[in-house]
1. Counting pairs of alpha carbon atoms under 8 Å apart in space and at least six apart in sequence, what relative contact order in percent does the chain give?
2. Subtract the Cα-Cα distance of residue 67 and residue 113 from 0.36 nm times their separation in residues, and report this length gain in nm to one decimal.
3. Please give the residues of segment 40-61, grouped as numeric ranges, whose backbone N is less than 14 Å from a label point set 7 Å along the Cα-to-Cβ vector of residue 3.
4. In whole Å, what is the distance between the alpha-carbon centres of segment 1-20 and segment 86-130?
5. Peptides 116-127, 4-15: what's the order by average Cβ count within 10 Å, highest mean first?
6. Listed here are the pairs 33/67; 33/57; 33/84; 57/99; 33/63; which of them are more than 30 Å apart at the Cα?
7. I need the GluC sites (Glu not before Pro) found in segment 18-83, filtered to DSSP loop residues with at most 15 other beta carbons within 10 Å of theirs.
8. Just from its helices, what would the mean residue ellipticity at 222 nm be for the chain, if runs of 4 or more DSSP H residues each count -39500 (n - 2.57) and the sum is divided by every residue, rounded to the nearest 500 deg cm²/dmol?
Amino acid sequence: MTIQVTIDGEHIHDIESFYEEINRVFMAEEDWKLGASLDAFDDLLYGGYGIAKEAKKVELIWKNAEKSRLGLGYAVTKAYYEQKLQPGSSYNKALFQEKLQDLEGGQGQTYFDLLVTIIAEHTNVTLVLA
C-alpha cells in the first residue's frame, strides 16, 4: 500500500515548527509525539508508527518547500550546531564543530539539506518538493 502525505512549508520556519508539522501530519492518530531529533525523523520514515505504519511506500509532498528551505537555512542550522557545542553538552563536540566549520565555510548542509538527505536514504519514500 502506498500513502500520500503532504506537509506544508508555510507552517515551517524553524526546527521546532518542522517537528510540529511532522507530528500534525504523521502522528495525528498516535497518543505521543515525535521529538525534535533527526534520528527520530529517520526512524519515523521506516514506517513503524504514525500514519506510515502500514504503508509499504510513502509519497511525501512538501508544499512550499522553498519557504522551509529558508526557514531551516543557515542561521537556524548554525544555532543548532552551536547548541550542540555548549559546555556540558553530551554530544560529539568534535563532529559538531566540524559541521559548524563546514557550514560557515559554505560547504556544510543546512538543516533542510539534512532532512532531504535523510528522506533520500529511504527507498520506500518518494519526496516531491513543491
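Values quoted throughout were computed directly from the atomic coordinates according to the rules given, and no laboratory measurement underlies them. These numbers come from a predicted model, not from an experiment. A quick note on method: Cβ atoms are made from the backbone with ideal geometry, for glycine too, and the neighbour counts reach across all protein chains shown.
1. 31 percent
2. Working it through step by step, the gained length comes to 15.2 nm.
3. Answer for this model: 44-61.
4. 17 Å
5. Highest mean packing first, the order is 4-15, 116-127.
6. 57/99
7. Numbers: sites: 20, 21, 29, 30, 54, 59, 66, 82; in loops: 29, 30, 54.
Answer by residue number: 29, 30, 54.
8. After summing the helix terms and dividing by residue count, I get -13500 deg cm²/dmol.
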